[in-house]
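Below you'll find the structure, written out as structure tokens, and then a few comments.
The values are calculated or read from the model by the stated rules, or taken from the named source; none is laboratory data. Please read all numbers here as calculations on a predicted model, not as lab measurements. Here Cβ is always computed from backbone atoms with ideal geometry, including for glycine, and neighbour counts include all displayed protein chains.
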Amino acid sequence: MIETKKEKQAKRVYLETYGCQMNEYDSELVKSILANSDYEITTREEDADVILLNTCAIRENAHDKIYARLGDLKHLKNSGNRVVIGLLGCMAQNLRGNLERSDSVVDIYAGPDSYKRLPAMIDSVRQTGRKGFDFNLSEFEDYSDVYPKRVPGVNAWIAVMRGCDNFCTFCVVPYTRGRERSRSLQSVVSEAKRLVSEGFKQVTLLGQNVNSYRSHHDDFADLMAAVASVDGLKRVRFTSPHPKDFPEKLLKVMAEHAKICNHVHLPLQAGSDRVLEMMARTYTKKSFLALVDKIRDMVPGVTLTTDVIVGFPTETDAEFEETVEVMEKVQFDSAFTFKYSERQNTIAYRKFPDDVTEAQKTERIVRLVDLQKKHSLHRNYEQIGKTVKVLIENHSKRNVAEWMGRTDGNRIVVLKDDKGGHVEGSMVDVTIRDATPHTLFGELHDACCSLHPQPERQIAV
Ligand code: 5AD
Ligand code: SF4
């Protein structure tokens, strides 16, 4: 595949992102790296000379999606299109050798620590036609020298640490993203300041295990306090923490800084101590419930959300009932529920057969989804009649005459703005009038000075 003169000029990259917020952030890093190497980022697939898929490996259905997409792309290539196709991220890293088949439609494979080498890899494929791959995981790569290329908006992600050292037995992340490493506090604070100067109102600190952050003498509480002190920032969020790293110091920082949002995503995973031990989660049902009480005590009004897995190997009906019991006790504001999906390389894959049937998994997940819907509705109904601060993010998807924003606790609010004059990034007082399990509906609270915020930059969307 030798480059023609025309192809030498045309280097347009189209990038699709699958998976978590960390992948969204990584795609912004990739765009920045490529834009600095004379590649043009396009949002039109049909214009692309290079198509990159930033992939996820967390459950089998994440893989299935990518295989289906690669099927489409095979048709494109078979029709004579000489587009270069690259697979990035967790799935590329996870499947390594299995993917490098000579008949594969993919030209480039790059794991999460290889993005700085992408421009050279793409150039090489374009010049020689030979496939390229890089699966080196690094103990040091934190990309703190790359400033992500973001779409202007209200919220910006900042990855403050990468990788994971927990080795929960079900989880593929330690194998796809490697060892835990943190950026310096200063580099995160500088990035937050720059984001404010660009018009962003909120930052969300990201990490696979974000509260394990440690850089020299600074821990996660120090980092949160430092970011919350950045002038001009309205809100600071973080995700995803592990229940094992919630010292009082962190809860105090959350309580003391008004800008740090009162929302904790606290992944439960399972309610039975035996299953939790098999998962290597390092807490028990009792200690998890005690942590919930402590968080609620120290951060009044906090919103609690969670992740739960049903059908982990050997989980019995009685043990599943313990998950139900914890969910009943805590009454989370919302929950992501998953059927256990066996992942190659993980400890569970090597040690525990995936022996809960698909029918049992389905039965259990349906129970949890119904239960959570009830709890979410109950929690949202509690908000009716209250006046809450909402950071406006965008026009509502269903109706451009309405705005969509979030409360401090990360609840989605849809509101009408009959008087006009508000823009993305405004903080407004909203009285909640109605609720569904996923959304609050409100109206602007009249006669309040925050109705007329300082003029703010209109954000192009
Ligand atoms: N099967 C099902 N769910 C999983 N998760 C992680 N690994 C698996 C797996 N193998 C879920 C966990 C985690 C969330 C991001 O995805 O609940 O918190
Ligand atoms: Fe998927 Fe986990 Fe990788 Fe995110 S870190 S893309 S959730 S496998």
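Among the residues making up region 335-367, those that are within 12 Å of ligand 1 (Cβ to nearest atom) and either part of a helix (DSSP H, G or I) or at pLDDT below 95 (or both) are Q344, N345, I347, A348, Y349, K361, I365.
Scanning region 408-438 for residues that are in contact (Cβ under 8 Å) with a residue 40 or more places away in the chain, polar (S, T, N, Q) and under 24 Å from V203 (Cβ atoms) turns up just one, N410. Being out of contact with any Asp or Glu (no Cβ under 7 Å at 6 or more places or on another chain), among the basic types (K, R) and farther than 27 Å from N166 by Cα is true of K374. Checking each residue in region 198-210 for being under 20 Å from R235 (Cα atoms) and within 14 Å of ligand 1 (Cβ to nearest atom) picks out L206, G207, V210. The numbered conditions (1) touching a residue at least 40 places away in the same chain (Cβ under 8 Å); (2) under 30 Å from R406 (Cα atoms) are all true for V151 except (1). Of all the numbered requirements in (1) within 30 Å of V308 (Cα to Cα); (2) touching a strand residue (DSSP E or B) at 6+ places or on another chain (Cβ under 9 Å), D64 misses one, and that requirement is (2).
Only one entry of S79, S124, S138, S114 meets the criterion of being more than 16 Å from ligand 2 (Cβ to nearest atom), surrounded by 15 or more Cβ atoms within 10 Å (Cβ to Cβ), of a type in the set (S, T, Y) and over 30 Å from P313 (Cα atoms), and that entry is S124.
Among the residues of region 110-169, those that are small (G, A, S) and within 18 Å of the chain's Cα centre (by Cα) comprise G111, G153, A156, A159, G163.
All conditions but one from (1) in contact with a Cys (Cβ under 8 Å, 6 or more places away or on another chain); (2) away from ligand 1 (no atom under 16 Å from the Cβ); (3) not aliphatic (A, V, I, L, M) apply to D222; the one that does not is (1). In this structure, K374 does not satisfy being assigned to a loop (DSSP other than H, G, I, E, B) and of a type outside the set (S, T, N, Q).
For the criterion of being in contact with a strand residue (DSSP E or B) (Cβ under 8 Å, 6 or more places away or on another chain) and small (G, A, S), A348 fails. Just the residues that are at negative phi, away from ligand 2 (no atom under 16 Å from the Cβ) and within 24 Å of the chain's Cα centre (by Cα), please, taken from region 326-346. Result: M327, V330, F332, D333, S334, A335. Of all residues in region 158-181, how many are more than 12 Å from ligand 2 (Cβ to nearest atom), within 19 Å of S341 (Cα to Cα) and of a type in the set (A, V, I, L, M, F, W, C)? Final tally of qualifying residues: 1.
The residues in region 246-293 that are crowded, with 17+ Cβ neighbours inside 10 Å and either assigned to a loop (DSSP other than H, G, I, E, B) or under 20 Å from the mean Cα position of the chain (by Cα) (or both) can be counted, and the count is 17.
Here is a yes/no grid of residues against (1) among the acidic types (D, E); (2) within 20 Å of R96 (Cβ to Cβ); (3) at pLDDT below 95:
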site	(1), (2), (3)
A110	no, yes, no
S114	no, yes, no
L118	no, yes, no
R126	no, no, yes
R130	no, yes, yes
N136	no, yes, yes
E141	yes, yes, no
D145	yes, no, no
R150	no, no, no
